[in-house]
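Scroll down for the structure; my scribbles are underneath it.
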Amino acid sequence: MKARARLPVLFLGHGSPMNAVADNGFTRSLTALGERLPRPAAVLCVSAHWQTNGSAVTAMENPRTIHDFGGFPEELYRVRYPAPGSPETAAQVRAAVGKDAVTLDAEEWGLDHGAWSVLRHVFPKADVPVVQLSLDRGASARRRFELGEKLRPLREKGILIVGSGNVVHNLGRISWDEHAAPEPWAVEFDAWVKARLEKRAYEPLLGDLSRAPSGRVSVPTPEHYDPLLYVLGASDAADTLRFEYEGIQNGSISMLSAGFW
C-alpha cells in the first residue's frame, strides 16, 4: 500500500459567515488551496466556535451542519455541509492527546460555521471526513500549543489539521461593509503576528497579547485567536511557511491564513 503524504497544518481565517456563500479573493484562495492539497484521510478542525470545559472531539458518523449565528440572509441557513464524521479519527485524536484529556462527543455537536464555512470551499464535494476538537475554556495559551504538539504525529497518518479563527477579531468595532478600510490598529497587530510567524518567534504569540502593539483592541476575547496556537504546536522546524491569504475584511477582521507545509 502506498504511504500517505505528510499533510500540512493550516490556520484559516473565516470571518463573517457570509464567506461561506461568497465569491471573493479569500474564498477563491480557499478553492485554490484545496486544489493543491494532497487528499487527506480526514480533517481535524479546531474552530473558534466550539468551547467546552475540557477538550472534546466529535465522534459521530454523520455530523450535523450547525448554523451558529443570527441575522443573516436565509440562503445561509439553507447551506448544508454533509461531510461524514470519523469515529476512527476521533479515537486517533484521543489517543494522541491522552484518553483522560479528551472526551468523545458522539451526538451533541457537529460542524459549526468555523469549520464548514471554509471547508465547503476547500473540499466542495464534502467527501473528506471531518472531526472537530473543541477549545478547552480552562487551557492556557501554552497548554493549547502543547496540545498541538501532541497532535503533530497525526499529520503522518494523513490527517489534515486545520485551525479556524481570526488573528484580529473585534466585532465591537466592525463595519458591515466587507470592503471597509482596515482599522490602523488591526493592520498593526496583523503585521506583528505575521512577522513573528515568519521568524518562528512563537513565545510572544503565547504571551500576554495586551502588551503587543494594538493587541488589546485586536484580541478583546481570545477564542478566535486560540486556534492559531494549536496550529503552531502542530507545526515543526522542517515546515515551510506559506501565507495562503492576507487581508482584512469589515475593517476589524483579519483574514490572515497560513500553511505549514
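The values are calculated or read from the model by the stated rules, or taken from the named source; none is laboratory data. Since the structure is predicted, the reported quantities are computational estimates derived from the model, not experimental observations. When we count neighbours, we look across all protein chains shown, and the Cβ atoms used for this are built from the backbone with ideal geometry, even at glycine.
Just to check your reading of the model, which residue among Ala90, Ala83 is buried (at least 19 other Cβ atoms within 10 Å of the Cβ), more than 19 Å from Leu37 (Cα to Cα) and modelled with pLDDT of 95 or more?
Values: Ala83 fails: more than 19 Å from Leu37 (Cα to Cα).
Ala90 is the lone residue from the list that is buried (at least 19 other Cβ atoms within 10 Å of the Cβ), more than 19 Å from Leu37 (Cα to Cα) and modelled with pLDDT of 95 or more.
Would you check which residues across segment 21-75 are assigned to a loop (DSSP other than H, G, I, E, B), of a type in the set (D, E, K, R) and either without any contact (Cβ under 8 Å) to a residue 60 or more places away in the chain or surrounded by 18 or more Cβ atoms within 10 Å (Cβ to Cβ) (or both) and list them? Give the derivation first.
We begin by selecting, within segment 21-75, every residue assigned to a loop (DSSP other than H, G, I, E, B); these are 21-24, 37-41, 53-54, 59-63, 66-73.
Adding the requirement that they be of a type in the set (D, E, K, R) leaves 23, 39, 61, 68.
Asp23, Glu61, Asp68, listed by residue number.
Any idea how many residues of segment 184-228 are basic (Lys, Arg) and either in contact with an Asp or Glu (Cβ under 7 Å, 6 or more places away or on another chain) or within 15 Å of Ile253 (Cβ to Cβ) (or both)?
Residues of segment 184-228 that are basic (Lys, Arg), as a first pass: 194, 196, 199-200, 211, 216.
When the remaining residues are screened for being either in contact with an Asp or Glu (Cβ under 7 Å, 6 or more places away or on another chain) or within 15 Å of Ile253 (Cβ to Cβ) (or both), the result is none.
Residues flagged as basic (Lys, Arg) and either in contact with an Asp or Glu (Cβ under 7 Å, 6 or more places away or on another chain) or within 15 Å of Ile253 (Cβ to Cβ) (or both) within segment 184-228 amount to 0.
Of the residues Asp105, Asp100, which is more than 16 Å from Ser164 (Cβ to Cβ) and either crowded, with 23+ Cβ neighbours inside 10 Å or at pLDDT 95 or above (or both)? Even if it seems obvious, please write down each step before you answer.
Working: Asp100 fails: either crowded, with 23+ Cβ neighbours inside 10 Å or at pLDDT 95 or above (or both).
Exactly one of Asp105, Asp100 is more than 16 Å from Ser164 (Cβ to Cβ) and either crowded, with 23+ Cβ neighbours inside 10 Å or at pLDDT 95 or above (or both), namely Asp105.
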Out of the residues in segment 205-261 that are closer than 24 Å to Asp177 by Cβ and of a type in the set (S, T, N, Q), state the one that is nearest to the chain's Cα centre (by Cα).
Ser257
Just to be sure before I move on: is Ala115 of a type in the set (A, V, I, L, M, F, W, C) and assigned to a helix (DSSP H, G or I) in the structure I sent?
yes
Against the definition (in contact with a helix residue (DSSP H, G or I) (Cβ under 6 Å, 6 or more places away or on another chain) and of a type in the set (Val, Ile, Thr)), how does Thr52 come out, yes or no?
no
